[in-house]
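The values are calculated or read from the model by the stated rules, or taken from the named source; none is laboratory data. None of the values given here were measured: they were computed from a predicted structure. Here the Cβ positions follow ideal geometry from the backbone for every residue, glycine too, while neighbour counts run over all protein chains shown. Quick note on the areas: whole protein, heavy atoms, side chains included, nothing else; ligands and nucleic acids left out. Shrake-Rupley method; radii C 1.70, N 1.55, O 1.52, S 1.80 Å.
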Amino acid sequence: MLAALPGLFGSAAGQGVVDPERGIVGVASAVRGLGGVKRVLIIGAHPDDEDTALLTWLVRGQGADAAYLALNRGEGGQNLIGPELGVGLGLLRTGELLAARELDGARQYFTRAYDFGYSKTAEETFRFWPRDSLLADVVAVVRQFRPQVIVSIFSGTPRDGHGHHQAAGALAREAFSAAGDTRRFPEQLAQGMRAWTPLKLYRSTRFDRDASTIEIETGALDPVYGRSYHQIAMASRSRHRSQDMGRVEALGPQTTSLQLLENRATPGDSTGETSLFDGIDTTFAGMLGELDAGAERDAVARAVAAYVERLERARAALGGWQTEIVVAELAAALERLRRARARAEQIGASADELRFVLAVEEQRLESALAAAAGVVVEAFADDDLVVPGEEVEIEVQIWNGGARAVEVRRVTLATPGVTQDATAGALPPATLTRRRFRVAIPEGAEYSIPEYLRGGSDGAMYAWPAGTGERGAPLGEPVAKAEVEIGIAGQAVLREIEVVHRFADQARGEVRKPVFVVPAVGLAVEPKTTVWPLGRAGGMSFRVNLRGEAAEGVSGLLHLELPAGWSATPSEAAFVLEAAGSAATVDFTVTPPPGLEAASYVIAAVAVTPDGQGWRQGYSLVDYPHVRRALFFDDALARVEAFDLVVEGGLRVGYVPGAGDAVAEAIAALGVEVDVLDGAAVAAGDLSKYDAIVLGIRAYETNTALVANNGRLLDWVRAGGTLISQYQQYAYFNGAYAPYPLSARRPHDRVSDEAAPVTILAPDHQLFNRPNRIGAADFEGWVQERGLYFPFQWDDRYLPLLESADPGEEPKRGALLVARFGDGMYVYTGLALFRQLPAGVPGAYRLLANLLGFAP
């Protein structure tokens, strides 16, 4: 396990944050949790479901070891801050969870589940996520983490709403029973896991306070941090920026409420509980009682008692900030803890849990000792994107900022295919030493694909590759890390540090990035999706973007692999990428054969060097200041969707951006001239030149210019324009931004089954007849959902045009509403066009073409 370090706290994800693992705060935080055993696992469905206040209270307040298990990574949601959806959004939200855990101090786990979108029932959810497979993942995390207490965020009943929530609640209950049963998932036991029986199961009552059996005060001020646990938790919560989760860090009392569901610790009446750990022996003495009797048990007991005594002395010295005494006492405690571990190794299976606990305890104690001694270890590479076959300079820095000398016993650098050692030596107080390495990345080094993405997917479940280590880990091992063994007061302390690239941004200051292994040439084709009406003459344009990271540069030939009968001009093109960071573009005109049939066609870009080396994929960086940078790969492909489509000529469209979507690009793919309207254009630009203006999803949440100038847009509609609002959230309905009243209920109406039948209520309406005849076939092949945030009630001047419903629900008619307003038309649609258009769904493009040409 990597030690807590600035590269993972703040500086790789941003800067200017005080590291709670260093200095006197770090020592106090670490020591608070030593000498006892408190482990709690919280189980939810998505990023942002976790109870951050409870996690913070547990870790920062109680010194417990706590973790959050999310069933999925949020791939099916929307993105408030950028364009990433799907796998890219999952990586962003994984980073946001890790950034949140940096503040509250908990661990983070996942299952293999891919977020396939909103679900209304657990039954539907388990059709996408095989129940037994998902339960196996949850049980594996329980068996690895070994919590005494499990807290389920959800009840596992329909009152949880989202089907993913219901599934998470049900699986938490099942795992509570199954994890300790050796007959369940025996293959995990064969892999070295141990059956584990948690003692208590709680569920959150945040939406059901009357059922609470315990209230935990999370608003108390912590003297170590100078903030309440709730305040820290809200800072943690605010790291979920892609989900519109910014929070005020309020002062004063706050509580977290829970209901005790099962209690193996003290079966019976749960009234009068004051702690999650009531009835659980969280001391080492309790574990010693479980050991087989004998001389070794007595020796372990003596060593543990000596360890606890030294720990108490360290705590007493810490209370007076006597760091010199703290170092001596923690070193002595570490020596006695190691003696206890060595003795425990001589005992059989009865000492398994004790050995597990002492190993974790030793890691935490080493961190506390290094912090108390003022020893800081960091490792920096001279580049963040490295290519197989090239060399990279890495420097390990060891700073003894304390008052006593320490000994650098070993410095080992581990990178792909290479392990190197550097010289050892004494390090006096107030001294910085450096160890430099020059590392050659092997030609066959694997690219930095996140571990959970390496095996691809099987439906809505990731196919994790075998032998990946700890099940449910967020991302996998870093590309390079340094191990430094330091002698502090006679005890060896191991610091394991990720190698990062550090540089100065003139606007932001110091920035740190993880090191990734990437291809020498990355390719991307745009547009990713092209619409081609059957019978259209001429050719279509594609641009291939090349990105080079080889220090010596790369040159070669680029060509497109085309379907049979298609041609490209040029047939191939030379490219030159002169150095790392170079970019180039090549434009192609692709011509399909006459008589093209309706189908989906794929075009691939391939770059080849004179020596025959080839590349046919690219990579994208998910890179925001508040999260650790992530990387994912994508084949350099473009898709051409050929189908019957008519687009009115001469249209000009304005697009007002909202949350990240690719609808403006889809409008352009129709061959329509589209302008993306910035704040100045919305406020003062000439709107009269547009036939239609389209509002991006959630635009009233994200676009202040739109909110400020909504009246100007309505005036434009009144004068004869057509405004098309894609789905908006409650800020839109509550703000009365539409020309006539609309309202949405809570939770909002939506149709989550992408195959749900759609009834056209007014078949003769212009929107379904000009220029394309829209019918039932146009609603086939949709992805993830029909739509969301459908209005529930509306003014009589709106005309509902569609009706749809999920199985077993009442029909909903708010998916597409139109109203005449002055001389113009106002359209609100909750249809998930922002998902269908990038997926190349023909019916969505045909309907979009009709919407853009809609006029009074």
How much length is gained if the chain between A507 and R746 is pulled fully straight, taking 0.36 nm per residue apart and subtracting their Cα-Cα distance, in nm to one decimal? 81.8 nm
Stokes-Einstein at 20 °C, 1.002 mPa s, Kirkwood radius from Cα pairs: D for the range 298-341 in µm² s⁻¹? 211 µm²/s
Between the range 167-193 and the range 726-759, what is the separation of their alpha carbon centroids in Å? 41 Å
Centroid-to-centroid separation of the range 480-552 and the range 788-856 [C-alpha atoms, Å]: 40 Å
Estimated inter-spin distance, A316 and D795, nm [label 7 Å along Cα→Cβ]: 7.7 nm
Mean separation of Cα contacts under 8 Å, 6 or more apart, over the residue count of the range 772-826: relative contact order %: 28 percent
Provide Rg and Dmax in Å for the chain, with only Cα atoms included in the calculation. 29.9, 94
Sorting R436, R536 on solvent-accessible surface, 1.4 Å probe, most exposed first, gives R436, R536
Stretch S275-S541 to full length: gain in nm at 0.36 nm per residue minus the Cα-Cα span? 89.2 nm
Under Karplus coefficients 6.51, -1.76 and 1.60, residue-wise ³J(HN,Hα) of the range 32-39 in Hz, glycine/proline x: 4, x, 7, x, x, 10, 9, 10
Under 13 Å, Cβ to Cβ, from P625 - net charge with Lys/Arg +1 and Asp/Glu -1: +3
Once you order the gyration tensor axes a ≥ b ≥ c over the Cα atoms, which shape class does the range 617-758 get: rounded for a/c under 1.5, otherwise prolate or oblate by comparing a/b with b/c? rounded
Simple spin-label estimate for A463 and D208 in nanometres, 7 Å along Cα-Cβ: 3.9 nm
Give me, ordered by chain and number, the residues 5 or more places off F643 or on other chains with an amide H under 5 Å from its own placed amide H. W532, L534
Partners for K513 among lysines (Cα-Cα distance below 23 Å; same-chain residues under 8 apart left out): K481
Taking a straight Cα-to-Cα line shorter than 17 Å from K200, and setting aside same-chain lysines fewer than 8 residues away, one finds K38
If you take the beta carbon distance between Q191 and D823 as r and set R0 to 41 Å, what does 1/(1 + (r/R0)^6) give as a FRET efficiency, to the nearest 0.05? 0.05
Rounded to whole Å, give me the distance from the Cα center of the range 632-690 to that of the range 31-76. 43 Å
Qualifying GluC sites (Glu not before Pro) for the range 345-428 [loop in DSSP, other Cβ within 10 Å: at most 12]: E345
Rounded accessible area per residue of the range 393-450, 1.4 Å, Å²: 51 Å²
With the Cα gyration tensor of the range 217-333 giving a ≥ b ≥ c as the square roots of its eigenvalues, does the rule (a/c under 1.5 for rounded; else a/b larger than b/c for prolate; else oblate) give rounded, prolate or oblate? oblate
Output wanted: per-residue J couplings in Hz (rounded whole) for the range 206-221, from phi through Karplus 6.51 cos²θ - 1.76 cosθ + 1.60, θ = phi - 60°, x for Gly and Pro. 4, 10, 8, 4, 5, 8, 5, 10, 8, 10, 10, 7, 9, x, 5, 6
Between R436 and D298, what is 0.36 nm times their sequence separation minus the Cα-Cα distance? Round to one decimal in nm. 45.0 nm
What does the C-alpha gyration tensor say about the overall shape of the range 551-632? Classify as rounded when a/c is under 1.5, otherwise prolate if a/b is larger than b/c, or oblate. oblate
Which of the GluC sites (Glu not before Pro) found in the range 558-619 are loop residues per DSSP with 15 or fewer other Cβ atoms within 10 Å of their Cβ? E578, E597
